[in-house]
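Here is the structure we will look at.
The values are calculated or read from the model by the stated rules, or taken from the named source; none is laboratory data. This one's a predicted model, so the numbers in the text were calculated from it and none came from an experiment. When we count neighbours, we look across all protein chains shown, and the Cβ atoms used for this are built from the backbone with ideal geometry, even at glycine.
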Amino acid sequence: MTQVSRIIAAWWRTRRAMRRSPAALAAGRARAWAALQPALARTPALASFTGGEIEDFPITDIADVRRDYGLWNSLGLSDATLRAMANAAEDGAAASPTALSAGWSTGSSGGARGLFVASPAERAEYIGQSLARLLPARAMLRRQRIALYLRAGNALYSDAGRGRFAFRHLPLGAPLAETIDELQAFASTILIAPPHRLIALAEAGVRLPALRHLFCGSEPISAAERAFIADRLGHAPRAIYQATEGFLGAECAQGRLHLNDHVLAIELEPVAGTPGVRPIITDLKRTSQPVVRLRGDDYLELDPRVCPCGFAGRVIAPVEGRIADIWPGEAGPVTPPQIVAAVERLLGAGHRWQAVGRTAKAVLRVAPECPPALASDAADALSACVARPVTVQQDLPEWSGPKRRKVMWADA
């Protein structure tokens with residue numbers, strides 16, 4: 001089977017799954033879990049648990065996997081070999097369509113990067129799922145030019161550049177003006193970028209007349225930022241929820257962020273003192289580098305409303321922060337969404353800001369051009385939200401990436 005045929009097959013499977021009931025999705029997950037067992041038996045860290053139910057496997061933190069990737073693949077590859085492959089991809093070595101590929105993730109907001117491994121079949125599955133979840137069926141009948149801002153290129157994405165799809169990787173580390181020229185020359189119909197880069201494009205007054213579909217990922221986006229980007233670029237960005245642990249969810253055409261419950265078994269672990277949860281992720285399709293009960297570090301809140309789009313995947317509120325960035329307080333924890341709402345009620349999306357919390361006090365860093373009176377009002381709102389004094393520093397530079405971090409808890 002060719003790579004294009006694999007992508008089409010994955011697209012079709014996903015489109016069918018998007019019409020299934022919750023019970024049918026659960027039955028599909030059970031079949032996929034049974035089919036995954038041979039790969040788990042070849043994975044050193046998981047082999048002794050093979051044959052059991054998902055809940056019989058241990059919950060693993062991401063840091064434990066990153067200590068030795070050799071224990072977490074089914075291919076018999078050592079940690080050193082995998083790191084060398086990822087480093088080679090980072091330096092520009094391209095994998096052929098028939099080759100195993102490895103690479104580094106964009107990196108967490110704290111700077112740590114994760115390594116991922118994907119076979120050609122897994123890359124095709126990822127692309128097919130993404131196209132099915134993100135684009136209307138009619139978009140598959142037209143030639144599309146996909147521009148994607150990434151820290152480094154990788155075969156996981158460039159495999160999309162076949163058939164009806166042309167692909168262009170735009171480096172996140174390149175100067176904005178340089179990538180604007182390339183973006184406009186490419187005349188992309190689909191653009192995927194982190195919110196901070198979309199905001200920079202919007203502020204620069206970029207015109208993208210060929211653009212039909214706009215997506216954001218890799219970091220949180222607020223409602224104010226979404227509205228700002230939509231006003232300037234002419235399209236409201238739809239969120240892609242993705243991590244090194246997998247393609248976790250995507251926003252439907254109705255603007256609701258659905259978990260990919262057709263191919264993932266995601267348990268939701270309550271976060272004490274908050275209405276939120278954190279994900280425990282099992283990817284039922286990844287066999288080269290199995291992901292089984294891996295505890296994610298995003299703070300999530302469920303959205304109980306029924307979505308009219310018809311997909312039965314659970315709906316979550318837009319992701320606005322990490323577990324590590326929940327601020328403790330005498331009256332209970334203060335979550336990143338609460339902090340974002342308090343600050344952006346005054347600053348909107350037009351001023352860069354960063355809230356840094358400590359036990360005794362907090363700092364609100366804002367861009368030098370932010371009006372001092374407005375920054376002071378935002379600091380008062382933040383102080384009322386987090387119940388501690390807040391000082392203002394007007395020294396926040398341009399976001400340099402690869403990911404911005406708007407809410408931080410510094411007393412770790």
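Okay, here's what the table says:
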quantity	calculated
Selected residue (only one of 375, 355 is crowded, with 19+ Cβ neighbours inside 10 Å and not in a helix (DSSP H, G or I))	355
Odd one out for residue 342, checked against (1) touching a Leu at 6+ places or on another chain (Cβ under 9 Å); (2) over 30 Å from residue 14 (Cβ atoms); (3) surrounded by fewer than 19 Cβ atoms within 10 Å (Cβ to Cβ)	(3)
Residue check for residue 130: surrounded by 18 or more Cβ atoms within 10 Å (Cβ to Cβ) and modelled with pLDDT under 85	no
Matching residues in region 376-394 - criterion: being at pLDDT 95 or above and in contact with an Asp or Glu (Cβ under 8 Å, 6 or more places away or on another chain)	390
Any chance residue 227 is surrounded by fewer than 19 Cβ atoms within 10 Å (Cβ to Cβ) and in the same structural domain as residue 103 (by TED's automatic domain parsing)	yes
Candidate set: region 300-317, residues that are closer than 17 Å to residue 220 by Cβ and assigned to a loop (DSSP other than H, G, I, E, B); chosen: the one farthest from the chain's Cα centre (by Cα)	303
Only one of 272, 265, 250, 243 that is touching a residue at least 40 places away in the same chain (Cβ under 8 Å) and surrounded by fewer than 18 Cβ atoms within 10 Å (Cβ to Cβ)	272
Selection from region 278-313 of residues that are charged (D, E, K, R), crowded, with 21+ Cβ neighbours inside 10 Å and either out of contact with any helix residue (DSSP H, G or I) (no Cβ under 9 Å at 6 or more places or on another chain) or without any contact (Cβ under 8 Å) to a residue 40 or more places away in the chain (or both)	283
Residues that are outside any strand (DSSP E or B) and either under 20 Å from residue 31 (Cβ atoms) or among the aliphatic types (A, V, I, L, M) (or both), drawn from region 289-299	290, 291, 292, 293
Selection within region 200-215 - surrounded by fewer than 17 Cβ atoms within 10 Å (Cβ to Cβ) and either touching a Ser or Thr at 6+ places or on another chain (Cβ under 9 Å) or under 19 Å from residue 239 (Cα atoms) (or both)	210, 212
Within region 46-62, tally of residues that are among the hydrophobic types (A, V, I, L, M, F, W, C), closer than 16 Å to residue 281 by Cα and either free of Cβ contacts under 8 Å to residues at least 24 places away in the same chain or outside any helix (DSSP H, G or I) (or both)	3
Flag if residue 387 is in contact with a Gly (Cβ under 8 Å, 6 or more places away or on another chain) and either surrounded by 20 or more Cβ atoms within 10 Å (Cβ to Cβ) or of a type in the set (A, V, I, L, M, F, W, C) (or both)	yes
Test: residue in region 13-36 that is surrounded by fewer than 16 Cβ atoms within 10 Å (Cβ to Cβ) and polar (S, T, N, Q)	yes
Counted residues, region 86-105 - those being part of a helix (DSSP H, G or I) and either outside the structural domain of residue 170 (by TED's automatic domain parsing) or at pLDDT 80 or above (or both)	4
Condition broken by residue 74, with the remaining ones in (1) more than 24 Å from the chain's Cα centre (by Cα); (2) among the hydroxyl-bearing types (Ser, Thr, Tyr); (3) assigned to a helix (DSSP H, G or I) satisfied	(3)
Neighbours by Cβ (under 7 Å, 6+ apart or cross-chain): first from region 219-231, in contact (Cβ under 8 Å) with a residue 12 or more places away in the chain and within 18 Å of residue 208 (Cβ to Cβ); second of a type in the set (A, V, I, L, M, F, W, C) and assigned to a helix (DSSP H, G or I)	225/199; 228/199; 228/202; 229/198; 229/199; 229/202
Unmet requirement for residue 61, which otherwise passes all of (1) in contact with a strand residue (DSSP E or B) (Cβ under 8 Å, 6 or more places away or on another chain); (2) in the same structural domain as residue 113 (by TED's automatic domain parsing); (3) not hydroxyl-bearing (Ser, Thr, Tyr)	(2)
All positions within region 26-39 that are touching a residue at least 12 places away in the same chain (Cβ under 8 Å) and under 25 Å from the mean Cα position of the chain (by Cα)	28, 29, 32, 33, 36
Hey, residue 343 closer than 30 Å to residue 232 by Cβ, over 19 Å from the mean Cα position of the chain (by Cα) and β-branched (Val, Ile, Thr) or not	yes
